[in-house]
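This report concerns only the one structure given below.
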Amino acid sequence: MAEQLSERAVAACLRAAVAAPSMHNTQPWRFRFDGAAFDVFPDAERALHSADPDGRALHISVGAAVCNLRVALAAGGRVSRLEPAGERSSRLELAGRRGSLPEHGGAAVRVIAGGVREPSPDMQALALAIARRRTNREPFADAAVPSALLESLQRAAATGRTRLVVLDPVRRGAVLAITQAADAWLRADPGYRRELARWTSEHADRRDGVSAAVFGAKATTAALPLRDFGLELPRLSRAAARFERHPTVVVLHARGDTPAAWLEAGAALQRVLLTATVHGLSAQPMTQALEVPHLRRLLTPPGERWYPQMILRIGYGDQVAASPRRPLRTFVTQLAGAA
Ligand SMILES: Cc1cc2nc3c(=O)[nH]c(=O)nc-3n(C[C@H](O)[C@H](O)[C@H](O)COP(=O)(O)O)c2cc1C
């Protein structure tokens with residue numbers, strides 16, 4: 001029987017988990033700790049019904065939180081293993097919530113804390129990167145990312161069921177053009193705009209969502225179609241800036257397109273982002289093309305069983321502000337047995 005985690009260790013794991021990225025900073029996760037294991041659930045109340053009707057981005061966010069939780073456990077000297085959480089507990093969590101996602105029942109995860117193991121220096125470095133990682137929406141330097149670094153990001157993603165593809169200039173051009181079309185499509189969708197309005201604000205006066213402090217500069221060229229978080233705040237003036245001329249763009253794929261595959265993609269995404277942070281690289285998801293189904297299909301060649309789950313721009317950026325997180329107690333359903 002593994003030693004119980006201290007209350008402090010449980011809190012550290014939860015703090016690490018909620019530092020994960022989530023679409024529009026919705027923080028769509030909930031946790032339960034029973035003394036030996038953390039159950040991590042998608043929070044259907046925080047789903048983006050317009051931009052993410054299937055809950056794909058939501059599960060990616062939860063997968064990233066699970067990765068952080070396991071890295072924190074490992075850095076604290078504990079191994080962990082994953083189990084799908086029971087159908088029953090998952091349903092319980094989703095039941096009665098507005099906009100519940102019954103089809104996702106069972107797609108929650110149980111992280112079981114196991115035996116004691118001295119953390120490797122690499123693991124400690126990843127754990128330290130959790131609090132330093134941020135989405136960087138500002139211009140990156142024109143310097144190319146060395147191929148050895150890109151390979152280490154690919155190794156961080158690779159599991160046999162997830163992979164990271166670094167786009168060559170031709171494919172990058174195609175993906176950016178599809179992203180541009182997707183961005184125009186989303187802007188024309190009143191549901192998308194309403195949702196964006198709900199999750200963006202001019203002032204940093206809330207602990208979720210994206211505030212103007214981190215919207216980033218406007219790109220002077222339409223060739224880099226970054227999401228415009230200020231779309232529903234037209235009075236807000238934002239500086240325009242020249243972004244990197246040849247952005248490094250990578251696409252994360254999963255070997256399926258189910259809630260379980262999305263959770264795995266989220267964990268792979270987070271390993272990539274933490275590895276990037278360790279090496280002084282910044283990253284920005286740019287996922288509009290994944291939110292318009294007929295355009296997303298253009299990124300999935302016919303007959304392929306790899307599905308695109310995340311698109312990232314990567315490079316060398318300056319330090320940016322952190323986005324806030326809600327207090328831990330708002331995420332936790334039950335904390336039992338913490339010594
Ligand atoms: C599935 C997913 C999609 C995202 N899409 C975008 C995007 O298109 N543009 C963007 O700037 N950030 C995007 N983000 C980043 C989130 O907005 C960001 O994680 C969140 O605001 C919290 O900020 P942080 O990453 O700095 O902690 C995405 C994140 C996730 C997990």
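For this structure, a couple of remarks:
- Pairs linking a residue in the range 159-183 that is closer than 25 Å to Phe229 by Cβ to a residue that is of a type in the set (Ser, Thr, Tyr) and at pLDDT 95 or above, with Cβ atoms under 9 Å and 6 or more positions apart or on different chains, are Leu167/Thr248; Arg172/Thr248; Thr179/Thr287; Ala182/Thr287.
Let's see how each residue does on (1) surrounded by fewer than 19 Cβ atoms within 10 Å (Cβ to Cβ); (2) more than 13 Å from Tyr316 (Cα to Cα); (3) in contact with a Gly (Cβ under 6 Å, 6 or more places away or on another chain):
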site: Arg132; (1), (2), (3): yes, yes, no
site: Asn136; (1), (2), (3): no, no, yes
site: Pro139; (1), (2), (3): no, no, no
site: Pro146; (1), (2), (3): yes, no, no
site: Ala157; (1), (2), (3): no, yes, no
site: Thr162; (1), (2), (3): no, yes, no
site: Asp168; (1), (2), (3): yes, yes, no
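- Every listed requirement among (1) closer than 21 Å to Leu236 by Cα; (2) open to solvent by less than 70 Å² (accessible area, probe 1.4 Å); (3) not β-branched (Val, Ile, Thr) is met by Asp205 save one, (2).
- Residue that is surrounded by the fewest Cβ atoms within 10 Å (Cβ to Cβ), among those in the range 232-281 that are part of a loop (DSSP other than H, G, I, E, B) and among the polar types (S, T, N, Q): Ser237
- Subset tally (residues that are over 16 Å from Arg326 (Cα atoms) and either assigned by TED's automatic domain parsing to the domain that holds Gln27 or in contact (Cβ under 8 Å) with a residue 60 or more places away in the chain (or both)) for the range 191-214: 7
- Test: Asp52 is within 16 Å of the ligand (Cβ to nearest atom), open to solvent by less than 10 Å² (accessible area, probe 1.4 Å), charged (D, E, K, R) and more than 11 Å from the chain's Cα centre (by Cα): no
- So Ala181, is it more than 15 Å from Leu252 (Cβ to Cβ) and surrounded by fewer than 18 Cβ atoms within 10 Å (Cβ to Cβ): yes
- Among the conditions (1) in a loop (DSSP other than H, G, I, E, B); (2) away from the ligand (no atom under 12 Å from the Cβ), the only one that Arg194 does not satisfy is (1).
- Of the residues making up the range 27-84, those that are within 29 Å of Glu291 (Cβ to Cβ) and part of a loop (DSSP other than H, G, I, E, B) are Gln27, Pro28, Asp43, Ala47, Leu48, His49, Ser50, Ala51, Asp52, Pro53, Asp54, Gly55.
The values are calculated or read from the model by the stated rules, or taken from the named source; none is laboratory data. If you're wondering where the values come from, they're calculated on a predicted model, not measured in any experiment. Positions of Cβ are generated from backbone atoms using ideal geometry, with glycine treated the same way; all protein chains shown enter the neighbour counts. Note: accessible area is taken over every heavy atom of the protein model, side chains too, but ligands, DNA and RNA are not part of it. Shrake-Rupley method; radii C 1.70, N 1.55, O 1.52, S 1.80 Å.
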